[in-house]
Ligand code: COA
């Protein structure tokens, strides 16, 4: 790929997107020419939102960032990354407990996707304990989720949980 146009892929489930994810996208958007947020269609997780809903939420939440786009993907992440002419995968590292799984994924992706490297970024420490699962649990029990997700996500999440 051309070194003048550095593209990075930021993959995840984003069920739903949180301020922690947005923090990583903002940081990455300053380091790369363009960032493609890749929303996985399939997941072993018990998902609340469809892939199209997850995509729409993250698109709205990052709309102000000019060099960021988002789309859904299926299949192997390294194949998707190569198809997009990117050679970097961005992952957020929140705490030491993230490390083991991320390490395994990064090395596996490097093995199967030869020229693709993973770069880890740390979100602001105020998001270091945020996870989509916890946000959904707080919402289910009528807790305040406003510290964790953008305003536009709150009604969508509350509606979904009521169903
Ligand atoms: N701030 C807040 N929370 C964050 C975060 C951040 N910066 N970064 C991650 N998280 C949380 C997420 O909310 C999520 O929480 P949850 O488990 O409660 O839902 C958790 O950390 C991890 O989620 P995410 O970052 O979305 O990653 P994932 O592990 O769900 O997704 C894929 C992993 C999509 C990258 C992976 O499954 C994949 O590559 N799939 C394609 C198939 C493939 O290639 N497999 C081979 C891989 S070696």
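Annotations for the structure displayed:
- Considering only the chain, percent of DSSP beta bridges that pair antiparallel, nearest 5: 0
- Note on the range 8-163: Cα Rg divided by 2.2 N^0.38 Å, N the number of residues, gives 1.01.
- Computed from the C-beta positions of residue 129 and residue 5 and an R0 of 41 Å, the FRET efficiency is 0.70 to the nearest 0.05.
- The chain: angle of helix 19-31 to the longest principal axis, Cα-based, in degrees nearest 10: 30
- Cα-based helix-to-principal-axis angle, 153-162 vs the chain, degrees rounded to 10: 60
- With Cα atoms, 0 to 90° folded angle of helix 51-61 axis to the chain main axis: 90
- The GNM of the chain, with springs linking C-alpha atoms under 10 angstrom apart, assigns the highest mean-square fluctuation among 20, 143, 92 to 143.
- Most mobile listed residue (95, 62, 130) in the chain, GNM with C-alpha springs under 10 Å: 95
- The range 87-163: Cα Rg divided by the 2.2 N^0.38 Å rule of thumb: 1.41
- Residue-averaged [θ]222 nm for the chain, counting only DSSP H segments that reach four residues, each worth -39500 (n - 2.57): -12500 deg cm²/dmol
- For residue 85 and residue 160, the difference between the fully extended length at 0.36 nm per residue and the C-alpha to C-alpha distance is 23.4 nm.
- Here the extension length gained between residue 152 and residue 30 equals 41.5 nm, from 0.36 nm per residue of separation less the Cα-Cα distance.
- The listed peptides 35-44, 118-127, ordered by packing as a protection proxy, come out as 35-44, 118-127 (highest mean of other Cβ atoms within 10 Å first).
- Projecting label points 7 angstrom from Cα along Cα→Cβ for residue 52 and residue 105 puts them 2.6 nm apart.
Since every read-out is calculated from the coordinates, none of them should be taken as a lab result. All of these numbers come straight from a predicted model, not from anything done at the bench. Counting neighbours? That spans all protein chains shown, and the Cβs are built from the backbone with ideal geometry, glycine included.
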